[in-house]
Every structure is written in C-alpha cells, then in structure tokens.
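**Q** Have a look at the structure that comes next, please.
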Amino acid sequence: MAATAQAGRTGIDGAAGADVPPGEEVRPDAAWREEVRRLAAERNAVILAHNYQLPEIQDVADHVGDSLALSRIAAQSDADTIVFCGVHFMAETAKILSPDKTVLIPDARAGCSLADSIDAEQLRAWKAEHPGAVVVSYVNTTAEVKAETDICCTSSNAVDVVRSVPADREVLFCPDQFLGQHVKRVTGRENMHVWAGECHVHAGINGPELVEKATAHPDAELFIHPECGCATSALYLAGEGTVPAERVKILSTGDMVQQARRSRASTVLVATEVGMLHQLRKAAPGIDFRAVNDRASCRYMKMITPAALLRSLREGVDEVHVDPDVAERARGAVQRMIAIGQPGGGE
C-alpha cells in the first residue's frame, strides 16, 4: 500500500511517499512513529521540535524546546541532517550555525508573522537614525536581518543579552514590541528603542481575556509569555492586588516547563501558543493547565504535520539554504546569543 493522504490510513510502508504532500494527513500511530525513527536513523538525522508543535510531532522528536535550547542543540549535534519541526527562521538559524549540515523543514511554507515585522532594509534605515547603537534582534527574524544584527536573543535570555550591552550604548531592540517593553521594564534601560512588531498569535492574547480567566480562577498561577499582549495586564493585576504578585510569572516557554515542575498550584493559566500545554502537562501531570485563549494556535507551526515530517525524511525535502555571505555575517550574532544565559527548554 503506497503512502496516502486518505484519513484513517497510515501510509506507512516504506514506499517513496510522493503522494503525501505537506499539509495532508496520515494517522500518527505506532507504525508511523517507527517509520519516522527508522528513516531518521537511516539519514543520521536529529529531529528537533519546538514547543508549539503538534503533540505527536513533539513526542517523536529527539529534542523538544525553545529557539535558544534548539539552537544550542543544532550547533552541537553530530548528526548529518537536522530536521527542524518549527517555523522557517528556526531552520535558517540551524543552517547558519551548521552550514555543512543538511537542514530540512518539513513544510517550507511555515513562516512567521513576527519575522515578517521587519526586513533588512528597514533595519538598516533604523540603524542610520541611531549611529553607534547596538542592535539586539529577537531570534524570530530572517537571516538577512540577523546579518545586520550585533547580537540575537530569545525570550529565555533577552534580559541578560540587553544587560550585557554597555550602559552608555543605545540599544535598538527588534522586532517584538511586547518582549522589548518587558525587557525595558525589567532592566530599567532608558536608552533602549523598541521596534513595533508583533506575533499575531501572542498579540491576540489580550488583557480582558486574562482578567476574565483570572477572576474565574482566583487561586491559579499565571504563566505569561512576554510576547503576549496581556503581559502588561498581568503586571497590573499583580500591582492592584487582584492576583497576588507571587502568582504572576512572566516566563519563556522553557522557564514555564521549569516553573511547572516547581509549582504547587492546582491550576495554572497559560498565556502563550496552545501547543505549549502538551509539554506543561507532561512536566506536571497533577496540575490543571488552562489556556488563557484556547484559540491561540499558530497556523504556521501547525503546518508541520505527521505526513509532512514523514515526507521530509523520505524525500529529503524541504531543504533550507542560506546565502553563504549572509550566513557568515549572521553567525556571530547567533553565536553570541547562545553563549548568554542558561540553557532553555522552551521559547
């Protein structure tokens, strides 16, 4: 039986798989998992999955984590092939760090609205307005933007990265305005300018939703990703005493996993992309994790389907390429990022 897109059939038989295009479905059963692992071994491939991926993709991967953790793993891996189950800028980052390896993304259409918030030409113009400023870009950017950047960061280490910049130097932080404002608030840095970009999924998790959920669950802890539009509202709730300050946690997804293991709460409200709930529930099965917005699902992350992963391993598609000159200029910024802060386990 050849690989198939028909619902309810596995399509697992070692055939070429050309009739399983990205976005189609196979049943992610034990046979699918065995075939994925067999093909990964055959290619000497490591499968990396972001925390926002579908649960079955997370469960079959070699490593699950955030941009920082997965970047470190990509840089250190001995595998010949890196299969990056995430969005395109993540796979590009892996290629920048490992130019001699084959990097595959199971669906090349998996983009990122935040990465689209700024391009290299816009960044060059912004730099011209602030001569001598240090450019800190969230890793959620294209390779071309990274090539114009002094140091990248993730939400796991953004505060540490900005603190590493001499106090007398201006900082240009891009592209996420919510993470940037969080970092500016924590560091107290006045000479920091923030680009007005956003992730459409995180920006859509708003303050009124958070207030409603927090009111309905007064004893819950709040895990808030700093990319979220509701982060300021969470701090306001803490400041007003509506929610005890110690229950409000502004966290990267990696820190969410660590905090979940430490937490004694019975209920935790989670403000980030809903794929994160899978890792949290695995980390602390006794806690009731609830999404602040259960519609906060990234359609780009969810393009990495079981069928797409199988097709990528069978056919070697879609391979990620970065212009060598661009990669060379971007590599230093990414390497400086992975050298700062503690290893992350989530974005």
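The values are calculated or read from the model by the stated rules, or taken from the named source; none is laboratory data. Note that the coordinates shown come from a computational prediction; the quantities given were computed from them, not determined experimentally. Positions of Cβ are generated from backbone atoms using ideal geometry, with glycine treated the same way; all protein chains shown enter the neighbour counts.
**Q** Using beta carbons and a limit of 8 Å, which pairs, at least six apart or on different chains, have the first residue in the stretch 89-111 and under 20 Å from Asn44 (Cα atoms) and the second one assigned to a strand (DSSP E or B) and among the charged types (D, E, K, R)?
**A** These pairs meet every condition: Thr102/Glu319; Val103/Glu319; Leu104/Glu319.
**Q** Still on this structure, please answer the following. Which one of these is under 19 Å from Gln122 (Cβ atoms) and either touching a residue at least 24 places away in the same chain (Cβ under 8 Å) or out of contact with any His (no Cβ under 6 Å at 6 or more places or on another chain) (or both): Leu172, Leu210?
**A** Going through Leu172, Leu210 in turn, just one is under 19 Å from Gln122 (Cβ atoms) and either touching a residue at least 24 places away in the same chain (Cβ under 8 Å) or out of contact with any His (no Cβ under 6 Å at 6 or more places or on another chain) (or both): Leu172.
**Q** Checking the structure you have, find out if any residue of the stretch 235-245 is crowded, with 21+ Cβ neighbours inside 10 Å and under 29 Å from Gly111 (Cα atoms). Spell out the reasoning first.
**A** Within the stretch 235-245, the subset crowded, with 21+ Cβ neighbours inside 10 Å is 237, 243.
From the residues that got through so far, the ones that are under 29 Å from Gly111 (Cα atoms) too are none.
No: the stretch 235-245 contains no residue that is crowded, with 21+ Cβ neighbours inside 10 Å and under 29 Å from Gly111 (Cα atoms).
**Q** Still on this model: Collect the residues in the stretch 78-99 that are of a type in the set (S, T, N, Q), surrounded by fewer than 24 Cβ atoms within 10 Å (Cβ to Cβ) and under 20 Å from Gly332 (Cβ atoms), keeping them in residue-number order. Can you show your working first?
**A** Going residue by residue through the stretch 78-99, those that are of a type in the set (S, T, N, Q) are 81, 93, 98.
Next, from what is left, pick out any that are surrounded by fewer than 24 Cβ atoms within 10 Å (Cβ to Cβ): 81, 98.
Passing the criteria: only Ser98.
**Q** Among (1) in contact (Cβ under 8 Å) with a residue 24 or more places away in the chain; (2) of a type in the set (Lys, Arg); (3) assigned by TED's automatic domain parsing to the domain that holds Ile224, where does Arg262 come up short?
**A** Result: Arg262 fails condition (1) only.
**Q** Then there is this: Being closer than 16 Å to Leu114 by Cα, of a type outside the set (Lys, Arg), in contact with a helix residue (DSSP H, G or I) (Cβ under 8 Å, 6 or more places away or on another chain) and crowded, with 24+ Cβ neighbours inside 10 Å is the requirement here; does Leu210 meet it?
**A** Values: closer than 16 Å to Leu114 by Cα: no; of a type outside the set (Lys, Arg): yes; in contact with a helix residue (DSSP H, G or I) (Cβ under 8 Å, 6 or more places away or on another chain): yes; crowded, with 24+ Cβ neighbours inside 10 Å: yes.
Answer is no for this residue.
**Q** So which of Leu309, Leu269 is assigned to a strand (DSSP E or B), surrounded by 24 or more Cβ atoms within 10 Å (Cβ to Cβ) and touching a residue at least 40 places away in the same chain (Cβ under 8 Å)? Working first, answer last.
**A** Working: Leu309 fails: assigned to a strand (DSSP E or B).
Going through Leu309, Leu269 in turn, the sole match is Leu269.
**Q** On to the next question. Look through Arg72, Arg109 and report the one residue that is out of contact with any Ser or Thr (no Cβ under 6 Å at 6 or more places or on another chain), of a type in the set (D, E, K, R) and surrounded by fewer than 17 Cβ atoms within 10 Å (Cβ to Cβ). Don't jump to the end; show me each part of the working.
**A** On the way: Arg72 fails: surrounded by fewer than 17 Cβ atoms within 10 Å (Cβ to Cβ).
Testing whether each residue is out of contact with any Ser or Thr (no Cβ under 6 Å at 6 or more places or on another chain), of a type in the set (D, E, K, R) and surrounded by fewer than 17 Cβ atoms within 10 Å (Cβ to Cβ) leaves just Arg109.
**Q** Would it be correct to say that Val46 is modelled with pLDDT of 95 or more, of a type in the set (A, V, I, L, M) and surrounded by fewer than 24 Cβ atoms within 10 Å (Cβ to Cβ)? Steps first, please.
**A** Details: modelled with pLDDT of 95 or more: yes; of a type in the set (A, V, I, L, M): yes; surrounded by fewer than 24 Cβ atoms within 10 Å (Cβ to Cβ): yes.
Here the answer is yes, as Val46 does meet what is asked.
**Q** Let me ask you something else. For the stretch 170-210, how many residues are of a type in the set (Lys, Arg) and assigned by TED's automatic domain parsing to the domain that holds Leu251? Let's see the steps before the verdict.
**A** Just the residues of the stretch 170-210 that are of a type in the set (Lys, Arg), to begin with: 184-185, 189.
Now narrow it down to the ones that are assigned by TED's automatic domain parsing to the domain that holds Leu251: none.
Residues that pass the stated criteria total 0.
**Q** Among the residues of the stretch 136-150, write down those that are surrounded by fewer than 22 Cβ atoms within 10 Å (Cβ to Cβ) and under 19 Å from Ile340 (Cα atoms).
**A** Of everything in the stretch 136-150, just one residue is surrounded by fewer than 22 Cβ atoms within 10 Å (Cβ to Cβ) and under 19 Å from Ile340 (Cα atoms), namely Asp150.
**Q** Find the helices (runs of 4 or more DSSP H) located wholly in the stretch 22-81 whose residues include 1 or more that are closer than 14 Å to Ile105 by Cα, touching a residue at least 60 places away in the same chain (Cβ under 8 Å) and within 18 Å of the chain's Cα centre (by Cα), and list them.
**A** Numbers: elements: 30-43, 55-60, 67-76.
The helices (runs of 4 or more DSSP H) meeting that bar are 55-60.
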